[in-house]
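Engineer: Before we start, here is the structure in question, set down as structure tokens.
The values are calculated or read from the model by the stated rules, or taken from the named source; none is laboratory data. Quick caveat: nothing in here was measured; it's all calculated off a predicted structure. Please note: Cβ atoms are built from the backbone with ideal geometry, for glycine as well, and neighbour counts cover all protein chains shown.
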Amino acid sequence: MLYIRMTLKYCVKNFPRLILAAAPLVVAAAFLLNPVNVFVYGERFAPEGLDGFRHIFFWLFRREIVGRWYQYAIAFVLHFLTCCFLIAIVEKDFKVGRLSVRSPFYSINNTFPPVFKTYLVVFVAVLLFKSLLMCVLTLFSTIFLSAGMSLFYSDVILAAAAFLLCFFFVILLRTVFLTVGTMLLYGYGFRESYGVTLKFCVKKKGFYVAASLALPLLTQFALDYLMALTGAPDIVYYFVDALLLGLGTIYVCVTVMTAVYDITGIERRDMRPAYQTK
């Protein structure tokens, strides 16, 4: 796919600096967040363990959040600031041909307003979608297990259904993701940027954008399946989830700016040898 190839090429070329920018997020996620494997749905959604919406709520948001809410709050704030920093340095590299991780606070300040608006919309949408997704998975898991289906086949079907629903969700949100890039390039507000992005994205390369944004999801599902299949210890789950969060954040931020520059036809100076730094 077009943007998958372009994004991966850029990430590999500039990996040391990009991972340095996301390093605090990776380290914090390993200590603050508990990993969740999508292939344990069957065990958690067993019919005999279902006791109304209260159980579904805690399957959705994790019961330990009640006592450790501040850790998740710190993780979300750090993730948001990491997105601001990554968008800022990538956008500057595309604009002037120089990727630098210096002056992080200055970079974050430049992209804070547009990233905050987009991040808030995506955050609310993800909460609503996750609630719907969890209810759907609970319903189908209850039906499958009540019908005598094995736990393994039930988990595989649920994981495949979850991925397809997540991909559909990414298709719906692809324009919102790209809106942050439009706001940075043209200085529009969120509403105006969304309208411009919707016009360009849907008519031109909307599917390529959605496919590229869905790659981290596919990677997460594949690794979750392998870890569940091999019975990986908890420490592996913590390490893999933290690393995927950091790499996924880098990948999505680069994809957003790559797609915006390509769709709008604006020249990327990082691709011109005369502007490349030594």
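Engineer: Give me the pairs, please: first residue somewhere in region 2-29 and closer than 25 Å to Tyr238 by Cα and surrounded by 18 or more Cβ atoms within 10 Å (Cβ to Cβ), second residue anywhere and of a type in the set (Gly, Ala, Ser) and modelled with pLDDT of 90 or more, beta-carbon distance under 8 Å, and either six or more positions apart or on two chains.
Structural biologist: Every condition considered, the pairs that remain are Ala22/Gly246; Leu25/Gly246; Val26/Gly246; Ala29/Gly246.
Engineer: Another question, then. Could you please let me know if Ala159 is of a type in the set (Gly, Ala, Ser), within 30 Å of Ile108 (Cβ to Cβ) and part of a helix (DSSP H, G or I)?
Structural biologist: So Ala159 does not fit the description; no.
Engineer: Can you name the number of the only condition in (1) more than 29 Å from Tyr225 (Cβ to Cβ); (2) under 21 Å from the mean Cα position of the chain (by Cα); (3) among the aliphatic types (A, V, I, L, M) that Leu185 fails?
Structural biologist: (2) is the only condition that Leu185 fails.
Engineer: Something else now. Residue under question is Arg174, and the condition is that it be crowded, with 21+ Cβ neighbours inside 10 Å, basic (Lys, Arg) and on the phi < 0 side of the Ramachandran plot; does it hold?
Structural biologist: Criteria met by Arg174.
Engineer: Taking region 144-156 only, how many residues are farther than 24 Å from Leu218 by Cβ and either in contact (Cβ under 8 Å) with a residue 24 or more places away in the chain or assigned to a helix (DSSP H, G or I) (or both)?
Structural biologist: Going through region 144-156, the residues farther than 24 Å from Leu218 by Cβ turn out to be 145-150.
Adding the requirement that they be either in contact (Cβ under 8 Å) with a residue 24 or more places away in the chain or assigned to a helix (DSSP H, G or I) (or both) leaves 145-146.
Counting residues in region 144-156 that are farther than 24 Å from Leu218 by Cβ and either in contact (Cβ under 8 Å) with a residue 24 or more places away in the chain or assigned to a helix (DSSP H, G or I) (or both) gives 2.
Engineer: Can you find, within region 177-229, the residue that is surrounded by the most Cβ atoms within 10 Å (Cβ to Cβ) among those that are in contact (Cβ under 8 Å) with a residue 24 or more places away in the chain and of a type in the set (D, E, K, R)?
Structural biologist: Asp224
Engineer: Can you confirm whether region 197-205 contains a residue that is at pLDDT below 85, outside any helix (DSSP H, G or I) and under 16 Å from Ile4 (Cβ atoms)?
Structural biologist: Taking every residue of region 197-205 in turn, at least one turns out to be at pLDDT below 85, outside any helix (DSSP H, G or I) and under 16 Å from Ile4 (Cβ atoms).
Engineer: Of everything in region 230-278 that's modelled with pLDDT under 85, outside any helix (DSSP H, G or I) and charged (D, E, K, R), which residue is surrounded by the fewest Cβ atoms within 10 Å (Cβ to Cβ)?
Structural biologist: Residue satisfying both the conditions and the ranking: Lys278.
Engineer: Could you figure out which of (1) surrounded by fewer than 18 Cβ atoms within 10 Å (Cβ to Cβ); (2) more than 20 Å from the chain's Cα centre (by Cα) isn't true of Phe167?
Structural biologist: (2)
Engineer: Restricting attention to region 157-175, does a residue exist that is in contact (Cβ under 8 Å) with a residue 60 or more places away in the chain, of a type outside the set (Phe, Trp, Tyr) and over 22 Å from Gly206 (Cα atoms)?
Structural biologist: yes
Engineer: For region 71-88, which positions are without any contact (Cβ under 8 Å) to a residue 60 or more places away in the chain and under 21 Å from Leu32 (Cα atoms)?
Structural biologist: Listed by number, the residues that qualify are Gln71, Tyr72, Ala73, Ile74, Ala75, Phe76, Val77, Leu78, Phe80, Leu81, Cys84.
Engineer: Somewhere in region 122-143, is a residue in a helix (DSSP H, G or I), under 14 Å from the mean Cα position of the chain (by Cα), hydroxyl-bearing (Ser, Thr, Tyr) and under 26 Å from Cys253 (Cα atoms)?
Structural biologist: Checking region 122-143: not a single residue is in a helix (DSSP H, G or I), under 14 Å from the mean Cα position of the chain (by Cα), hydroxyl-bearing (Ser, Thr, Tyr) and under 26 Å from Cys253 (Cα atoms).
Engineer: Looking only at residues in region 89-105 that are assigned to a helix (DSSP H, G or I) and without any contact (Cβ under 8 Å) to a residue 24 or more places away in the chain, which one is surrounded by the most Cβ atoms within 10 Å (Cβ to Cβ)?
Structural biologist: Top of the filtered list is Lys92.
Engineer: List pairs: first residue in region 242-266 and at positive phi, second residue at pLDDT 95 or above anywhere in the structure, Cβ distance under 6 angstrom, at least six positions apart or on different chains.
Structural biologist: none
Engineer: Here's another thing I want to ask about it. Inspect all residues belonging to region 147-156 and state whether any of them is buried (at least 20 other Cβ atoms within 10 Å of the Cβ), out of contact with any Cys (no Cβ under 6 Å at 6 or more places or on another chain), hydroxyl-bearing (Ser, Thr, Tyr) and more than 30 Å from Val260 (Cβ to Cβ).
Structural biologist: yes
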